[in-house]
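Reading through the structure tokens given below for one structure.
Read-outs throughout are calculated quantities, based only on the coordinates presented, and are distinct from any laboratory measurement. Note that the structure is a prediction, hence the values are computed from the model and not measured. Reconstructed Cβ throughout: ideal geometry from the backbone, glycine too, with neighbour counts over all protein chains shown.
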Amino acid sequence: MKANDNNFGDRIVLPLPPEDISLQLEMDIYARFMRHLRMIPHSRAEVKILTAIQFVSDMTACSEAHVTKVLVDLGLRAPRFALPAEYLDFADSAIIRSDHDFGAATNSLKDLDTHWTRIGEERYSAARTEYSELGNSLFDHIQ
């Protein structure tokens, strides 16, 4: 198998085409992604990846999360900033589950999590939420 020459330094590794040629949707997603990635006039690779994912999603009528999942299964490794929020929500919830739970992380998602750890990405940053101060106001009125 050919080595992956699609590196953008340490932080980004682009996917390889699917080994099984009969996977038409995966090949279509890969080809459109790689073709559009080269046409985006932007200096930041993370923005180029996110824009290419959005383009492929529009062209194939698949969700951005599904397009990203296919690309990650094909070997895409990129910082969290380069991936859509709905995929990050899915990834964080899958990584938290144990290996035997329904919806647990696949091997490619585990590899992506390892990549995020190696490049110093903050874990589960998409899972952060703001909590309202409704509970505090109840205690403010008690004397």
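Couple of notes before you dig in:
- Subset tally (residues that are in contact with a Pro (Cβ under 6 Å, 6 or more places away or on another chain) and aliphatic (A, V, I, L, M)) for the range 66-80: 3
- Scanning the range 21-80 for residues that are among the small types (Gly, Ala, Ser), surrounded by 20 or more Cβ atoms within 10 Å (Cβ to Cβ) and not in a helix (DSSP H, G or I) yields a single hit, Ala78.
- Among the residues of the range 32-69, those identified as among the small types (Gly, Ala, Ser) and either within 14 Å of the chain's Cα centre (by Cα) or closer than 18 Å to Ile12 by Cα (or both) are Ser43, Ala45, Ala52, Ser57, Ser63, Ala65.
- Hits in the range 81-104 (condition: buried (at least 16 other Cβ atoms within 10 Å of the Cβ) and either in a helix (DSSP H, G or I) or in contact with a Pro (Cβ under 6 Å, 6 or more places away or on another chain) (or both)): Ala82, Tyr87, Leu88, Phe90, Ala91, Asp92, Ala94, Ile95
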